[in-house]
1. Could you quote the convex hull projected area for the stretch 313-360, Cα atoms only and averaged over all directions, in nm²?
2. Could you pull out every one of the lysines with an alpha carbon less than 17 Å from that of K471, ignoring same-chain neighbours closer than 8 positions?
3. Where in the stretch 97-134 does the label zone of D59 land, with the point 7 angstrom along Cα→C-beta and an amide N cut-off under 19 Å?
4. Bins of 5 Å, beginning at zero and ending with the bin holding the largest distance: percent of Cα pairs per bin for the stretch 70-190, please.
5. Near D494, within a Cβ-to-Cβ distance under 10 Å, what is the net charge of the other residues, with Lys and Arg +1 and Asp and Glu -1?
6. Rounded to whole Å and ordered largest first, report the semi-axes of the equivalent ellipsoid of the stretch 264-308 derived from its Cα gyration tensor (root of 5λ).
7. Find the percent of Cα-Cα distances in the stretch 83-139 that exceed 18 Å, and round it to a whole number.
8. Mean shadow of the stretch 144-250, computed from the convex hull of its alpha carbons, in nm²?
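The values are calculated or read from the model by the stated rules, or taken from the named source; none is laboratory data. Note that the structure is a prediction, hence the values are computed from the model and not measured. Neighbour counts run over all protein chains shown; Cβ positions are idealised from the backbone, glycine included. We work out accessible area using only protein heavy atoms, side chains counted, and drop any ligands, DNA or RNA first. Shrake-Rupley method; radii C 1.70, N 1.55, O 1.52, S 1.80 Å.
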Amino acid sequence: MRRSLPNLLLLSCALSCSACAMNPADTDADPSAGTLESPLSYPDTAASVRFESDRVRQDTAGTFLEVTFVARDLGPGKSAGIRAQVDGGSWSDAAASLVESAGGGWDRWRVSLRPAAGWVRAEYAIFVLDGKGGSYWSNNSAHNFVARTDAVVHRTSDKLESGKLSIELDVQNLAYEKQCSAAVTGDGWVSVNYFNAGYVGQTSRPGFEAWRLEIDLANSQSYGFNGKAASYEYAVSCSMAGASYWDNNNSTNFRRDRVTLPVLDWKTDFSGAAAVAVAGDGTTFVLSSGRWISGYSSTGQWLFAKQAPADLTALTWLESSGLLVGRAAGGNASVTWVALDKQGAQQWSTNAALTELVRGTGADYLVGLAGGARIDKTSPNVIAPAGGCHPGNDTTGSTAFPIVSRSGRMFCLDAASKIRSYDLATGAPGVTYPEGWPWAASDAGSLVVVSTDRTSLIGYSPSGQEKWRKKNLYVGVDTQYGSGTVCANHAHGDVAVFLNQLPGGGTVADHYVSGIDVATGNQAFKNLTSSYTQSPCAAADGAFYYRPGYEHYGRTFLRVDKTGVETSVNLGLNGQFFGIFADGRILRRDWAYYPNDKGRVVVSNGKGEELFNASFFDGQPSTHLAALQGDHLVVVEAGKVNHFRFAQ
């Protein structure tokens, strides 16, 4: 059996919808063997068989149910059908006929269920057999499908193709004037958008009409609609003759995934999680009680529990060195960082004043006012001028924080306010620069410095030769409104970024985010912004992130690529980034703090397209944690660790 795609903790909504249970463990069920039972307990193997439509039809022989579905082409000996129960009677199987190839290795099947005259309710699940003892089921995420002859509104099918979600309904014609629509959400019912359906024509049943709606997801003009959600839930309704009639899938809502969602590999009970990390092979690490780190294999087997030498606040798995690095709680004088191997054995700890973890190409680094160090299996060898890196001083009260290029070259101020450079791999000193503070460094070693009065940027070649100078600027600091992040580099590759933010207001033209070529000083882009904008930082995905304004009721970040194209990333009021990755994926918590917002963990790409979203029941979004590495995603909610795997 192939494991089913999990039903990702669906939320209830104001439409009399209740939460779905997680899918049960895999179960083999042969529809032809022995007394037939309800298929509710069988796994919903959406990777192998999928519902397409069900319609109550009528011909000269009577009223019947027609079900169409697609299934993987399982080769010779395959067969398919539905297991159905009519009006509470016994379960029985009805064989389906192969209609055609659906393309891409899928077959389309159809079955007509013809109960006795006068039937009202049919409950069923779909199955397909491979002829070798394997069976695969689709049972509406462990709720079974239901069709009724007396339903006023019945969702007959949906389809998501080429970015458009289409939904079809059968509607009983109780009145000439009627309005039919779908209530749709892409964020677990935090927000709801309504889309109207249109009349199509009469059905094969007297007194029933066909209605249809189509949503162009990416181009919808409906206010606040998320056209790039990983999944959509919806319910349909029609209003006529002074009443409203709903089909909400037996109070579980309908669901359509825009992307192939990751599979839930395993989950385990875990109380008091404070941080989580995952290795590229799926090994999972969970921090609890400040110091205890538990390890689990990629299959969920418990491996170890080890005590760290200090209370920790964060865990990060570094694939380049094969180390789990933990950041110590602030104010700890004896330990600032600790490193463990995959088996939980401590490799080293340090008490050096290194505050930032910098991801490089082929290696990772720690940097702070103590200096910089390359991370490997041995204790960090801190490289710095005599006395460490000097914080500098200027009228803004900001700090001349050292920067590290992705290739491992550090630049920091010495006690004489000269910029010194060092190779963190070898410790070898490099060029000394005569003025300013380090701002941005390219992979090739070119450096951009900001003047101490923050009105100029100066570009230097790797050999220390001045190549360009831009004047009449005011380069914004990193800690705008107290919520900024200290950037360990304002460049990615060959493009640096800065915020021009004129003190005292100025005109609109005085406030902009600009990208510049580190080597030449040529402008890569210039985007106007507000006087409240926070200075942008470079991220591992090759883009730059910043808050475009002071927002009292939310936190929206802008992601701007090296050409200036902007994408909005909304975290809600209390959301946060869990990680931004070199492959372009973004892992975050989205929490708007509305009364019905339970918080979501979201994986998206640089275009804002969601690859995963999950809402949670516990109502404590601040306890949600997540980690991502390769195909492995770990999500922690209150009392649970969930391990997902993306399809390769």
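1. Convex hull of Cα atoms, orientation-averaged projection: 3.4 nm².
2. Those lysines meeting the cut-off are K526.
3. Taking a point 7 Å out along Cα→Cβ of D59, the residues of the stretch 97-134 whose backbone N falls under 19 Å are 97-100, 109-119.
4. 2, 9, 14, 18, 18, 16, 13, 7, 2, 1, 0
5. Net local charge, D494 excluded: -1.
6. 17, 11, 9
7. Working: 689 of 1596 pairs.
Here the tail beyond 18 Å accounts for 43 percent of pairs.
8. Averaged projected area of the stretch 144-250's Cα convex hull equals 7.5 nm².
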